[in-house]
Amino acid sequence: MQTQKPSRAKRQKRPKHSGVVRVYRFPLDTNRQESAKLFNTVHLCWEARERLVADREADRVAQRALRAAGEKPRYLTVADQYISVARLARDEPRFAAVQSQVLQNVAVRVDEATKRWLETFKSGRRGVRPPHSIEKKEYTSFTYPQYGASARLRHGVLHLSKLGQFRVRDYRRMRGTPKTVTVKFADGRWWVLISCHLQAVDVYRSATEVQELDDTGADTGLTALLTTAHGEVFDPPKALKESLAKLRHEQRNMSRKFEVRKAQYLEEQARRAAQNAEPLPALREIAYSNRLKKQISTVAKLHTKAKNIRQYHHRKIADRIEKTYRCVAVEEHPIKFMLKNRKLARSVADRSIYAQKQQLKSKLGNRYVPVPNKRPGIGGNSQSCLCGEAVPKSLKDRIHECPKCGLRDNRDVVSANIAMLIGFGRAQLMSRPAAGLAVVIRGETEEVGTSPHLERASASEVSVKRTPHANLRKRGKTGGAKATPAAKTPVHRPKKPLPGAAKFPIPPVEGTESRKHRPLGR
């Protein structure tokens, strides 16, 4: 009598939401032999990359000649370079020690860098070069593009095809579906980075969970890292500045050791030339002394400590902003021009403004609202007032004083309010909007009186129910399966006539001090 097999459980359908990628980073506990294996793999991948880049450069020259002759060019593709790396592993036995998909990922990296370079011709960006030759020390990682048979993490042990097993420290449970595994050498040790794919609803809070929170604007700067429109000032310690004295001392010691090494090399080279002996190899090919290695490690640890302190405060600030506000309008402005200023470059690097914005984007998701740094017909946000009057200021002027409306406050707080005005059509320092004030809302020029985002009640009206912001309403759009009630049921606010005002009644602010948080972690 045949026994009936148990039927397979019916697959449970989940709503289709936008995907989010999260990367988990764990340190590897390696000995000398295991570290040598990983370094050998990285160096082989670097050598394969150099050959693929040289092939691309030669191919571009050849195809340009064909185009000049009137023929149709056919440039190298990633599929062509897959064949090249396969031939490389077949012809040279030392490349056979690298897993095939790892070598293919080297070709993918070269292809993606080439595409980024080609995209600059359409966008008009400058300063982007095609893939070119780099030094061996600049190539520090390799990637297994598929998580599973070739690379997997089980019970704190990392299994890598053709490399063996490696113990993972500080291991914790990962959320989502693992996709790729990258092994990287950074900060003097080996790390494993595992990227996982999650649904956005499992990462970010829903619109109903944050509907009672208030919106705000945020301005980033050097005096204070982040200032909100509500007057909160986040000023974490400057990690690089605090360790600068010790760092200078250790870097001078390292520089002296490099100079001694160079002098000894030149002396030995001259002695061999006088004796007609075999010349020395290039200086960069000679191994460092143990003392120099130790000094390099000391300097690297100081830089790593400063970086870790900076990242800690970035995460704490982003977490507090996410828990306090519904949507945050952040002024977008380039950072490169500040790094080119020799008087500001160190402070800009120490603050790491771009990294703070990226952390906010990762924490807030669609609740992060980028806004331009100027209003059409008015000027830059830091050089104008909420009422639209031009208020020019230099970097040393920290107080905003408007001769037209009498607004007097911290310039960063005013800039944050202008960002809030552009993003949501209202500002914390405004009692009510001025009729006919032109602002830019999410790329469209509108009047404040007709803005769909303007739902701020007057001082006498108290109501927490508001229509979700446009970024939050996107999460209600699902495809395929049935949507979750929280994502599909927006909260509607009854329409009320907007108060019209001929003027911009902003009472003068007594005092210029804003509410300031203590440095996080202190």
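The values are calculated or read from the model by the stated rules, or taken from the named source; none is laboratory data. Every value quoted in this text rests on a predicted model; they were computed, and no experiment measured them. A quick note on method: Cβ atoms are made from the backbone with ideal geometry, for glycine too, and the neighbour counts reach across all protein chains shown.
Brief remarks follow.
- The residue pairs whose first member lies in the stretch 220-237 and is of a type in the set (D, E, K, R), whose second member is at pLDDT below 90, and whose beta carbons are closer than 7 Å, counting only pairs six or more residues apart or on different chains, are Glu232/Arg515; Glu232/His517; Asp235/Lys516; Asp235/Pro519.
- Criterion: of a type in the set (Gly, Ala, Ser), more than 30 Å from Lys363 (Cβ to Cβ) and modelled with pLDDT of 95 or more - qualifying residue of Ala62, Ala48: Ala48
- Within the stretch 301-355, being in a strand (DSSP E or B) and of a type outside the set (Val, Ile, Thr) holds for Tyr325, Arg326, Cys327, Ala329, Glu331.
- Number of residues in the stretch 382-421 that are surrounded by 17 or more Cβ atoms within 10 Å (Cβ to Cβ) and either aromatic (Phe, Trp, Tyr) or within 17 Å of Leu225 (Cα to Cα) (or both) equals 10.
- Within this structure, Ala273 fails the test of being aliphatic (A, V, I, L, M), part of a loop (DSSP other than H, G, I, E, B) and outside the structural domain of Ala349 (by TED's automatic domain parsing).
- Of the residues making up the stretch 200-237, those that are within 16 Å of Ser352 (Cβ to Cβ) and in a loop (DSSP other than H, G, I, E, B) are Gly221, Leu222, Thr223, Ala224, Leu225, Asp235, Pro236, Pro237.
- Selection from the stretch 207-263 of residues that are under 30 Å from Ile296 (Cβ atoms) and of a type in the set (Gly, Ala, Ser): Ala239, Ser243, Ala245, Ser255, Ala263
- Extreme residue, surrounded by the fewest Cβ atoms within 10 Å (Cβ to Cβ), among residues of the stretch 147-196 that are assigned to a strand (DSSP E or B) and hydroxyl-bearing (Ser, Thr, Tyr): Thr177
- Applying the criterion of at least 1 residues that are modelled with pLDDT of 85 or more to the strands (runs of 3 or more DSSP E) found wholly in the stretch 377-469 leaves 399-401, 408-410.
- Condition check for Lys136: among the basic types (Lys, Arg) and within 23 Å of the chain's Cα centre (by Cα): no
- Remark: pairs (first residue in the stretch 318-341, more than 20 Å from Val128 (Cβ to Cβ) and modelled with pLDDT of 85 or more; second residue among the acidic types (Asp, Glu) and not in a helix (DSSP H, G or I); Cβ separation under 7 Å; 6+ apart in sequence or on different chains) = Tyr325/Asp214; Tyr325/Asp215; Arg326/Asp214; Arg326/Asp215; Cys327/Asp215; Glu331/Asp219.
Listed here are the residues, each with its yes/no results for (1) modelled with pLDDT under 90; (2) touching a Ser or Thr at 6+ places or on another chain (Cβ under 8 Å); (3) of a type in the set (Ser, Thr, Tyr).
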{"position": "Val157", "(1), (2), (3)": "no, no, no"}
{"position": "Ser161", "(1), (2), (3)": "no, yes, yes"}
{"position": "Asp170", "(1), (2), (3)": "yes, no, no"}
{"position": "Thr177", "(1), (2), (3)": "no, no, yes"}
{"position": "Ala186", "(1), (2), (3)": "no, yes, no"}
{"position": "Gln199", "(1), (2), (3)": "yes, yes, no"}
{"position": "Asp202", "(1), (2), (3)": "yes, no, no"}
{"position": "Arg256", "(1), (2), (3)": "no, no, no"}
